[in-house]
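**Student:** A single structure is presented below for examination.
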Amino acid sequence: MALILDGKKIAGEVRRAVAEEALTLKDGRGITPGLAVILVGDNPASQIYVRGKESACAKAGFLSRAFSLSAAATESELLAIIGGLNRDPAIHGILVQLPLPRHLRPDILIEAIDPAKDVDGLHPFNTGRLFTGNPYHTACTPSGVIELLDRYGIDMAGKDAVIVGRSNLVGKPLALMLLARNATVTMCHTKTHNLSAVTVRADILVAAAGSPGMVTGAMVKEGAVVIDVGMNRRDDGSVVGDVAFSEVARKASYITPVPGGVGPMTIAMLLRNTLNAAQRIAG
Ligand code: NAP
């Protein structure tokens, strides 16, 4: 039976360390890390995520500012808010909560954020630096996956790592991070032929597809490390992952639960990125 990779516990440790460093920064330099979150529309899941981020900021001793705009907000309104936050010395991190209503172009808005304040790590400057192996801010969810593997002493070097999902938010940056750790990386997507023939070779299998329970026991190698990034909301409000947990846990050596796996790590890494941004400004 697989050991649980306890994201909730590890995220708690990261958050405590971040809170201590934030206090040192405040006492030593008079700087309080500040995060601004921009939410557009009334997507219930996004509202929950934004509240979670605000509460995490408060617990870490950060300043947090939330901007909640109606679904009809225009790109120029958002660009004006982002411009103001770029110039605001109290704000070290800015994020635009995704997904956005269809009339807004995420690329335009993300590229308007000062890369030094792009704590989601999605600005092309930051993704480019990840590409060249010299990361500045890296995307929070994949960073959380790497942190979790590190904290459990799971070596990535030389391992066959397979990622199901190639989004800019998760799959692609995670592929670069695993490559930087000397894993042999394969990325899968909806056009991959015979998916299970690929996944069953994985020493480290990451599911980031947004498809409930799609990774079954038959798709997993005995002893694999299985990371479930999926967060799929059911009608009753509960959240399930992309991995059929109980059957996969019987074959895997380690597995992340949902909830309580990668999700809490994402918020912890957001705080870490915001602290890093504030520390960088402090010199
Ligand atoms: P996304 O942008 O929708 O991308 C999904 C990716 O998975 C796409 O590349 C898609 O392939 C691939 N895919 C979907 N179904 C597949 C299938 N049956 N077989 C093979 N590939 C498949 O999603 P995302 O933003 O990366 O998020 C993925 C999941 O992670 C979601 O459940 C999301 O809620 C969750 N998530 C969790 C966190 C967290 O903090 N835990 C953070 C972010 C996202 P194509 O490219 O071919 O379409």
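The values are calculated or read from the model by the stated rules, or taken from the named source; none is laboratory data. Everything numeric here is computed off the predicted structure, so don't read it as measured data. Cβ placement follows ideal geometry from the backbone for every residue including glycine, while neighbour counts extend to all protein chains displayed. Protein only, heavy atoms only, side chains kept; ligands, DNA and RNA dropped before computing areas. Shrake-Rupley method; radii C 1.70, N 1.55, O 1.52, S 1.80 Å.
**Student:** Filter region 37-51 for residues that are assigned to a helix (DSSP H, G or I), touching a residue at least 60 places away in the same chain (Cβ under 8 Å) and open to solvent by less than 10 Å² (accessible area, probe 1.4 Å) and give the result.
**Tutor:** Residues satisfying the conditions do not exist here.
**Student:** Ok, one more. Counting just the residues of region 163-182 that are away from the ligand (no atom under 11 Å from the Cβ) and not in a helix (DSSP H, G or I), which one comes out surrounded by the fewest Cβ atoms within 10 Å (Cβ to Cβ)?
**Tutor:** Applying the filter and picking the extreme gives ASN182.
To keep it simple, each residue is scored yes or no on (1) over 20 Å from the mean Cα position of the chain (by Cα); (2) more than 10 Å from the ligand (Cβ to nearest atom); (3) under 22 Å from ASP6 (Cβ atoms).
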| site | (1), (2), (3) |
| --- | --- |
| ALA161 | no, yes, yes |
| THR190 | yes, no, no |
| LEU195 | yes, no, no |
| GLY230 | no, no, yes |
| VAL239 | no, no, yes |
| SER246 | yes, yes, yes |
| ALA249 | yes, yes, yes |
| ALA252 | yes, yes, yes |
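**Student:** Could I ask something else about it? Out of (1) part of a loop (DSSP other than H, G, I, E, B); (2) within 15 Å of the ligand (Cβ to nearest atom); (3) in contact with a strand residue (DSSP E or B) (Cβ under 6 Å, 6 or more places away or on another chain), the odd one out for ARG201 is which?
**Tutor:** It is condition (2) that ARG201 fails.
**Student:** Next question, about the same structure. Scan region 233-262 for residues that are assigned to a helix (DSSP H, G or I), of a type outside the set (Val, Ile, Thr) and either buried (at least 24 other Cβ atoms within 10 Å of the Cβ) or out of contact with any helix residue (DSSP H, G or I) (no Cβ under 8 Å at 6 or more places or on another chain) (or both) and report the count.
**Tutor:** 3
**Student:** Next up: Can you name every residue in region 1-30 that is open to solvent by 60 Å² or more (accessible area, probe 1.4 Å) and in contact with a Phe, Trp or Tyr (Cβ under 9 Å, 6 or more places away or on another chain)?
**Tutor:** LEU3, ILE4, listed by residue number.
**Student:** Pull out all pairs, ordered by first then second residue, where Cβ-Cβ is under 6 Å, the residues are six or more apart or on different chains, the first lies in region 173-189 and is within 10 Å of PHE131 (Cα to Cα) and modelled with pLDDT of 95 or more, and the second is part of a helix (DSSP H, G or I) and within 14 Å of the ligand (Cβ to nearest atom).
**Tutor:** Taking only residues 6 or more apart or on different chains, the pairs are PRO173/PRO142; MET177/PRO142; MET177/ILE146.
**Student:** I need every pair where a residue in region 99-111 that is among the hydrophobic types (A, V, I, L, M, F, W, C) and surrounded by fewer than 14 Cβ atoms within 10 Å (Cβ to Cβ) has its Cβ under 8 Å from the Cβ of a residue that is part of a helix (DSSP H, G or I) and modelled with pLDDT of 95 or more, sequence separation at least 6 or different chains.
**Tutor:** ILE108/GLU75; ILE108/LEU79
**Student:** Taking region 122-146, which residues are open to solvent by less than 10 Å² (accessible area, probe 1.4 Å), touching a Pro at 6+ places or on another chain (Cβ under 7 Å) and within 14 Å of the ligand (Cβ to nearest atom)?
**Tutor:** Scanning region 122-146 gives ALA139, PRO142.
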